[in-house]
Amino acid sequence: MQPAPTQPLTTPGPGTKVIVTGAAGGIGAAMIAALAGLGCQVAGIDRPGTVLPDALAAVPLFEADLADENAAATAVSNAVTHLGGLDCLIGAAANVASVHRAKTFAPGIFRQDIESNLLSQFWTAQAAYAALAESNRANLVLFSSVGALDGLPGQVSYATAKAGVIGMVRTLAAEWAEAGIRVNAVVPGLVATPKVLALPESTQTRILRNVAMKRLVEVDEIVASVLFLMSRGAGAITGQALRVDGGAGINTEGLYHR
């Protein structure tokens with residue numbers, strides 16, 4: 001179905017019903033705050049024991065280990081019931097804690113990272129399909145990473161999972177277009193979340209050497225990208241992986257001296 005023409009061109013309209021996974025994380029919480037500010041109806045999903053910031057205390061938070069397909073299905077179902085339907089699922093849940101060289105990467109940790117960063121995205125997307133298919137502005141926006149496209153030494157499991165997310169997005173976009181569901185990925189570079197800002201300055205500087213703009217991506221820049229993909233202005237965009245990385249994938253060296 002075509003979106004209602006009264007919807008804003010570059011942001012989702014008031015009343016849009018949205019589920020955000022990874023809701024208590026830096027990006028997830030910022031996403032919820034922005035959506036609520038636009039008048040959207042929002043529910044969050046995150047791991048058991050997590051809490052939203054005090055400013056978002058009124059937003060319902062459903063707890064689930066999304067790597068478990070049954071738990072993911074239950075959480076999505078409960079959130080959809082609470083919202084009274086669903087227009088968009090934003091998959092921002094991720095686990096980026098494992099850092100090991102590939103030659104000594106423990107099988108159990110690798111498997112856990114694939115479950116947390118890839119399978120969880122599929123289980124939630126699959127669980128949301130029926131509700132999204134009933135919407136006239138249905139969107140699925142999943143988070144990948146530049147590591148999926150450029151490689152990420154020390155985090156082979158994370159890069160592998162996030163590459164899988166892009167393949168998933170392109171496949172779901174092809175399969176679900178007939179149901180009126182657009183499916184896209186946001187591919188962030190190094191984002192200025194509290195966890196990243198806590199990294200040693202030397203580590204940030206080293207990573208940013210390969211970024212054309214020589215700076216971190218701001219959280220609100222990621223949020224704005226997702227809002228656009230949800231909007232009427234992005235109505236013909238599906239199956240895409242949108243890099244928001246400050247030019248991390250650009251070759252900045254040539255045959256001349258700057």
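Less than 20 Å from a label point 7 Å out along the Cα-to-Cβ axis of A102: which backbone N atoms in the range 133-164 qualify, by residue? What the label zone holds, given the 20 Å backbone N cut-off, is 145-164. Take the chain and mark each of the GluC sites (Glu not before Pro) that is in a DSSP loop with at most 15 other Cβ atoms within 10 Å; the longest unmarked stretch, sites excluded, is 1-133.
You can think of it this way: the chain between K195 and N251 has 17.4 nm of extra reach, that is 0.36 nm per residue less the Cα-Cα gap. For E63 and I237, the difference between the fully extended length at 0.36 nm per residue and the C-alpha to C-alpha distance is 59.5 nm. Once R0 is set to 41 Å, what does the formula 1/(1 + (r/R0)^6) return for the Cβ-Cβ distance between T10 and Q126, expressed as a FRET efficiency to the nearest 0.05? The computed FRET efficiency comes out at 0.90.
Of the trypsin sites (Lys or Arg not before Pro) found in the range 133-220, the ones in coil according to DSSP and having at most 11 other Cβ atoms within 10 Å of their Cβ are R209. What fraction, in whole percent, of alpha-carbon pairs in the chain exceed 35 Å separation? The share of Cα pairs beyond 35 Å in the chain comes to 13 percent.
Under a 5 Å amide H cut-off, with hydrogens placed 1.01 Å from N, G154 pairs with A102 among residues at least 5 apart or on other chains.
Once the Cα atoms are used to define both axes, helix 120-132 deviates from the longest principal axis of the chain by about 30 degrees. Taking amide H as placed 1.01 Å from N in the peptide plane, the amide H of V183 sits under 5 Å from that of L140, G239, each at least 5 places away or on another chain. Among the protein heavy atoms of the range 32-90, carbon and sulfur supply 51% of the accessible surface, probe 1.4 Å, non-protein parts ignored. All C-alpha to C-alpha distances of the range 109-174, sorted into 5 Å bins beginning at zero, yield P(r) values of 3, 18, 26, 22, 14, 9, 6, 2, 0 percent in whole numbers. Among the trypsin sites (Lys or Arg not before Pro) found in the range 40-136, those both in a DSSP coil and sparsely packed, with 11 or fewer other Cβ atoms within 10 Å of their Cβ, are R101. In the calculated pair-distance distribution of the range 197-258, the portion above 13 angstrom amounts to 71 percent of the Cα-Cα pairs.
Between the range 13-57 and the range 65-111, the C-alpha centres lie 16 angstrom from each other.
Over the range 55-112, the reciprocal of the mean inverse Cα-Cα separation, the Kirkwood hydrodynamic radius, stands at 14.2 Å. Residues considered: P14, P188, P48. Largest GNM mean-square fluctuation over the chain, using C-alpha springs under 10 Å, is found at P48.
In the range 45-188 the Cα-Cα distances spread across 10 Å bins starting at 0 as 12, 39, 35, 13, 2 percent of all pairs.
Normalised per residue, the accessible area of the chain is 48 Å², obtained with a 1.4 Å probe and no contribution from ligands, DNA or RNA. Close lysine pairs were tallied over the chain: pairs 8 or more places apart or on different chains with Cα atoms under 27 Å apart number 6.
Springs join every pair of Cα atoms under 10 Å in this Gaussian network model of the chain, and among G235, G49, G25 the largest mean-square fluctuation is at G49.
Dividing the C-alpha radius of gyration of the range 2-113 by 2.2 N^0.38 Å, with N its residue count, gives 1.23.
Computed from phi, the 3J(HN,Hα) profile of the range 218-223 under the Karplus parametrisation 6.51, -1.76, 1.60 (θ = phi - 60°) reads 7, 4, 5, 6, 5, 4 Hz, with x in place of Gly and Pro.
The values are calculated or read from the model by the stated rules, or taken from the named source; none is laboratory data. Note that the structure is a prediction, hence the values are computed from the model and not measured. Cβ: placed from backbone, ideal geometry, glycine included. Neighbour counts: every protein chain shown. Note: areas computed on protein heavy atoms with side chains; ligands, DNA, RNA excluded. Shrake-Rupley method; radii C 1.70, N 1.55, O 1.52, S 1.80 Å.
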